[in-house]
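First the structure, in the form of structure tokens, and then the observations on it.
The values are calculated or read from the model by the stated rules, or taken from the named source; none is laboratory data. Computed from a predicted model, the values in this text were never measured in an experiment. Positions of Cβ are generated from backbone atoms using ideal geometry, with glycine treated the same way; all protein chains shown enter the neighbour counts. To get the accessible areas, we keep the full protein, side chains included, count just its heavy atoms, and leave off ligands, DNA and RNA. Shrake-Rupley method; radii C 1.70, N 1.55, O 1.52, S 1.80 Å.
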Amino acid sequence: MSPRSHHSAVWSAAIAALALFAGCEAPAGVVARRSPGYTAQAKQPQATEPRPGPAQGAGAAVPPGAVTQMETAASAGEGAWDAERLMGHIRQLSSDEFEGRGPATRGEELTVAYLERQFRELGLEPGNPDGTYFQNVPLVGFLGSPQAQFQVGNLPLPLEFPRDYVALSRKMVPETQVLDSELVFVGYGVVAPEYNWDDFKDVDVRGKTVVMLINDPAVMDASDPTRFDDSAFRGRAMTYYGRWTYKYEIASQKGAKAVLIIHDEQPAGYPYEVVEGSWSRENFDIVDAQAIASRVEVEGWLRNDIADKLFKACGQDLSQLQQAAKQRDFRPVPLKARFDCKIANRLRQVQSKNMVAKITGQGPRSDEFVVYTAHWDHLGRDEKVTQGDGIYNGALDNASGVGGLLEIARAFASKAHRPPRSVLFLATTAEEKGLLGSKYYATHPLVPLERTLADINMDGLNAWGPTKDLIVIGMGQTTLEDSLADIARQMGRELRPDSEPEKGFFYRSDHFEFAKRGVPAIHFDSGDDYLGQSPEYGRERKQAYTTNDYHKPSDEVRDDWDLSGAIQDLRMLFRLGLHVASDAGWPQWKPGSEFESVRLQMLGERN
Ligand SMILES: [Zn+2]
């Protein structure tokens, strides 16, 4: 058992211990904090710390999501919930007719038409100031056919695509080639001055092919090697340094010719087939000449056992080097091998769409916004698949989240009184291609980010019944969690932290593009504590989904789905958005969050 998984077991025990408290009192630090501005008992405004954002003290502070006496459940937006209708959206969006909702396919046409019809039927306003329900997102599609091999001394080590490796080029030219490039193992490939960490040291990797481990350095506590050193890379949690996108960015900065990440299922969080599936089809990027010019020529992944074979052939031991890479004094190790790779690229410019609708707030704060996001796209259809239909239906990922977005919009639309702030419902494109729709929105926002108070993101709802809990991904980031914890308590539920922070889920969906640019953002996973089920039930269902269906054609609606839990979660998210749209205070990043400084700077410039 690796230290990482050992630690994981310790952590699971801690989570289980927290769960024991669930029936009586909130575990400290999980649901005990109040959002600033009121106490649940007294409903009196408290002295608040100064915080960024205008409108301080304007409007009465009310408990998040509380239904006032003047409103009935229906006029408060609480009467509109219906699991069957949610299921209807999911069935439609994940139907074979919608062909897996690939951007710039017939599946997109059907999806955006469906969303526009729903927006109109709900009486929502167009979210684009130009009067439409969409934002054009110009993308370039590229499909590479790579041919590659290693040369170890005089011996070629042939590679079969995509079984052994995947590789693509974002140079956006018809042909790319890397010839006879020296291989260097650079550990995790991380340069993090705040942790006094530099895997490259003084080694010049220009023109070379760098080989890296996935995740950030698993630094163990010097006095207890079974524990993570919490002062480095947030201990067990993954930082952005662990993401594959970072790996390619740093390789580009270092002037490398090519980069190959060694796939490893546990730290990556998904099996190699997931990489193989997503990287051997057409990929997309935002058209940005400057970004393209500075990119490394070839970006790829190597299957773990192929990497093993390569290192052995070079007289190296990969597992020993993996240990060495956890040390601050690690130095790059030249491998006695070279890399050849030729990629023929089929390029095309395509237009995709973010879909966006709005409810305008009532009164002087209507130029301030709460955004809900859910990506409408999935992996489309793979013509090469000969077994089955090759349609990646993406029922859970993310027809369910889009259905949830529509149902939350319905709840807002059914309210007799609009909240003071406006609410934007944004169904993004090309999330599966690297968060491209949300990245495009965040760099071309339809309403200013400095007047956007929060992003509430949905990516996969709970399909397996009611739960006691709701999991916040990357817990500890924003005060949105505290508001949501209050809402959970009012509803007899509780929040829990993500039990796998090492997998970096906070960096893996659309809210991250908002976070990166400073907007407080929150993202969820369904709970683990299913009512009337064994304690293992939730995690077993999720594990089975990840192994069998995640990013596979089999992500389809199942007969045994029960969306009552999803409805519970959506009601909480509705109340959270309503609270942010109504309460005087602005959500904030918590001190120490890597996104706090961007937000403070943005708001400082504005004031
Ligand atoms: Zn998704």
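Summary of computed values
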quantity	calculated
Every residue from segment 517-556 that is hydrophobic (A, V, I, L, M, F, W, C), open to solvent by 30 Å² or more (accessible area, probe 1.4 Å) and touching a residue at least 40 places away in the same chain (Cβ under 8 Å)	Leu531
Given (1) open to solvent by less than 60 Å² (accessible area, probe 1.4 Å); (2) in contact with a strand residue (DSSP E or B) (Cβ under 7 Å, 6 or more places away or on another chain); (3) in contact (Cβ under 8 Å) with a residue 60 or more places away in the chain, number of the condition Gln147 does not satisfy	(1)
Check on Thr111, farther than 13 Å from Thr429 by Cβ and among the hydroxyl-bearing types (Ser, Thr, Tyr)	no
All helices (runs of 4 or more DSSP H) inside segment 282-392 with 3 or more residues being of a type outside the set (A, V, I, L, M, F, W, C), open to solvent by less than 10 Å² (accessible area, probe 1.4 Å) and under 30 Å from Ala413 (Cβ atoms)	none
Pick from segment 484-510, criterion under 14 Å from the mean Cα position of the chain (by Cα) and in a loop (DSSP other than H, G, I, E, B), ranking: modelled with the lowest pLDDT	Gly504
Test: residue in segment 237-245 that is without any contact (Cβ under 8 Å) to a residue 24 or more places away in the chain, open to solvent by 30 Å² or more (accessible area, probe 1.4 Å) and at negative phi	no
Members of segment 408-425 found to be in a helix (DSSP H, G or I) and touching an Asp or Glu at 6+ places or on another chain (Cβ under 8 Å), listed by number	Ala411
Selected residue (criterion: nearest to the ligand (Cβ to nearest atom)) from residues of segment 431-470 that are on the phi > 0 side of the Ramachandran plot and under 14 Å from the mean Cα position of the chain (by Cα)	Gly460
Residue list for segment 429-450, filter: out of contact with any helix residue (DSSP H, G or I) (no Cβ under 8 Å at 6 or more places or on another chain) and of a type in the set (Lys, Arg)	Lys433
Matching residues in segment 99-123 - criterion: being open to solvent by 10 Å² or more (accessible area, probe 1.4 Å), out of contact with any Asp or Glu (no Cβ under 9 Å at 6 or more places or on another chain) and assigned to a helix (DSSP H, G or I)	Glu109, Val112, Ala113, Tyr114, Glu116, Arg117, Gln118, Arg120, Glu121
Filter pass, Gln266 being closer than 23 Å to Tyr550 by Cβ and surrounded by fewer than 17 Cβ atoms within 10 Å (Cβ to Cβ)	yes
Pro497 being more than 16 Å from the ligand (Cβ to nearest atom), touching a Leu at 6+ places or on another chain (Cβ under 8 Å) and either open to solvent by less than 10 Å² (accessible area, probe 1.4 Å) or more than 25 Å from Ser94 (Cβ to Cβ) (or both)	no
Among residues of segment 385-430, those that are hydroxyl-bearing (Ser, Thr, Tyr) and more than 16 Å from the ligand (Cβ to nearest atom), counted	3
Within segment 362-383, tally of residues that are closer than 29 Å to Ala399 by Cβ, more than 16 Å from the ligand (Cβ to nearest atom) and out of contact with any Gly (no Cβ under 7 Å at 6 or more places or on another chain)	2
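Table: residues versus (1) closer than 16 Å to Arg295 by Cβ; (2) open to solvent by less than 20 Å² (accessible area, probe 1.4 Å); (3) charged (D, E, K, R).
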site	(1), (2), (3)
Pro158	no, no, no
Phe161	no, no, no
Arg170	yes, yes, yes
Val178	yes, yes, no
Ala192	no, yes, no
